[in-house]
Every structure is written in structure tokens, then in C-alpha cells.
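Take a look at the structure set out below.
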Amino acid sequence: TTDNNKLGNLMAIIPEVIAATVSFILAVVLMLPISVPLGLVVAFGVPISIGLMAFLIKPLQVRLDAQREEHGKLTTLASDAVVGLRVLRGVGGEDSYVQRYVGQSDKVRDTGIRVAGLQAFLGGLSTTVPGLFTAVIVGSGLWQVYNGSMTYGELVSFYGYTSYMVIPIHQASGFLAWYSDAKVAANRVGKVMAIEPLTSDALVDSGAISER
């Protein structure tokens, strides 16, 4: 029931990614006239960093798929208990059911921990990468100010532009995470839609129905 929400979240973040991309291009255009070398560092460094983060997509999708599969099994167990509680009590199967539920719950927890670790690493990169760029830009800018090739005002402007890069990078990492989740959700929805129905209306006489 939550897979459709995952797909909707991906659609919702796409406009934000487009806006972040346009803002990034605008910031680079403003930085290049001040210092071409530092502007090029940002222009090429940010896309390369995002590309490196994209390598985490495939393992994240695998772990998310495993987690959703185990979570689905746990939900099925819970539904069976609600429907067949009287039967379980009648045959004395409460203990057996609890053991199965606890075992499946442990699997969901373990797969969730593996997913959380990778997602936390991806989130950490979205914070670390802008910080590294800021340190490089400020350090290089101070050296240019010392040499007289950049003014203090231009250095402050560069610092502001570089600090703003946290937003495009954060949006990109968020898109990668939502994309992984949405792809897993789409596969699960596709499996349900691909199920062949057990019954068919092909042999129904529509004329007889209309006469009634």
C-alpha cells in the first residue's frame, strides 16, 4: 500500500532537482568571471561528486528490495493472525505463530539496518562534499587574495556561492535515494499487475446481462 507513495515522492522531487540544477549553473556562471580556475573546480567537481554517489544506487536498490520483501512477509503473517486468531487459539498454535513472527521480525530488522547504513553513508556524503569544496575554495581564494589576484569582496562572494552548493548536492543525493526506493516500488507494483486473474469475463453473455 506504500509503493504508490514511493512513486509519488519521486515525481515530487523532480521539480526540485531541476530548480537545483538551474541554480547550480547560474552560480557557476557568476563564479567564472571572478576566477576561472576556482569556477572550473566547482563546475566539474560537483557533477563528478554526484556521479560517484550514483554508484551507490545499485547496492541500495538490492538492499531495499530485500527489506521490502521481508516486510511484506511480516505483514502477511500479521494479517493471517488477525483473520485466523480463533483458529490459532483453537488448535493451540499461538506459540508457534509467535516464534514465526519474531523470526520474521528479526529479518526485517536486519535488512533495515543494512539499508540504513547505506542511506546514512549517502546522506553523509551530501554534507561532506560541500564542506570539502568550501575548504578548497576558501583556501585557494585566500592564496589568490594574498597574491593580489582576488579581492576580499570576491573571496566572500565565492564563499557564498560555494556554501550554496550544499542545496544542489543535497537535492541530488535525495533524488538518488528516492529513485532507488521508487524503482523497488515500481518492480513490486509491476509484479502485482502481472498476476494472471483466476477468472475471466470472456465467456459472459453481455446480451443476457443487458436483458436483465
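Brief remarks on what is shown
- Anisotropy class assigned to segment 98-212 is oblate, per the alpha carbon gyration tensor with a/c at or over the 1.5 cut-off and a/b no larger than b/c.
- Accessible surface ranking for Ile57, Ile25, 1.4 angstrom probe, highest first: Ile25, Ile57.
- For the chain, the solvent-accessible area with a 1.4 angstrom probe is 63 square angstrom per residue.
- Candidate cross-link partners of Lys6 among the lysines, defined by an alpha-carbon separation under 18 Å and a same-chain spacing of 8 or more, comprise Lys58, Lys183, Lys191.
- Each of Leu122, His170, Thr75 was scored by the projection of its Cα onto the charge dipole of the chain, and the greatest displacement toward the positive side belongs to Leu122; charges sit on the C-beta of Lys, Arg, Asp and Glu.
- Of the residues Leu155, Leu125, Leu198, the one with the largest accessible area comes first in the ranking Leu198, Leu125, Leu155, computed with a 1.4 Å probe on protein heavy atoms.
- The heavy atoms of Ser140 present about 40 square angstrom of accessible area, all protein chains included, probe 1.4 Å.
- Most to least packed among 189-196, 115-122 [average Cβ atoms within 10 Å]: 115-122, 189-196
- Note on Lys6: accessible area approximately 50 square angstrom, rounded to 10, probe 1.4 Å, nucleic acids and ligands left out.
- Whole-angstrom gap from segment 93-142 to segment 23-45, using each part's C-alpha centre: 32
- Taking a sphere under 9 Å around the Cβ of Lys107 and counting the other residues whose Cβ falls inside, with K and R at +1 and D and E at -1, yields a net charge of -1.
- Cβ-defined net charge surrounding Asp181, 13 Å radius [Lys, Arg +1; Asp, Glu -1]: +3
- 12 Å beta-carbon shell around Val62, net charge (K/R +1, D/E -1): +3
- By the Cα gyration tensor, the chain has an equivalent ellipsoid whose semi-axes, rounded to whole angstrom, run 53, 25, 11 from largest to smallest.
- Sulfur and carbon atoms: percent of accessible area, segment 34-75 [1.4 Å]: 74
The values are calculated or read from the model by the stated rules, or taken from the named source; none is laboratory data. In this text the structure is predicted, and so the values were computed from the model without any measurement. With ideal geometry, Cβ positions are generated from the backbone for all residues, glycine too; neighbour counts draw on all protein chains shown. In case anyone asks, the SASA skips ligands and DNA or RNA and just uses the protein heavy atoms, side chains included. Shrake-Rupley method; radii C 1.70, N 1.55, O 1.52, S 1.80 Å.
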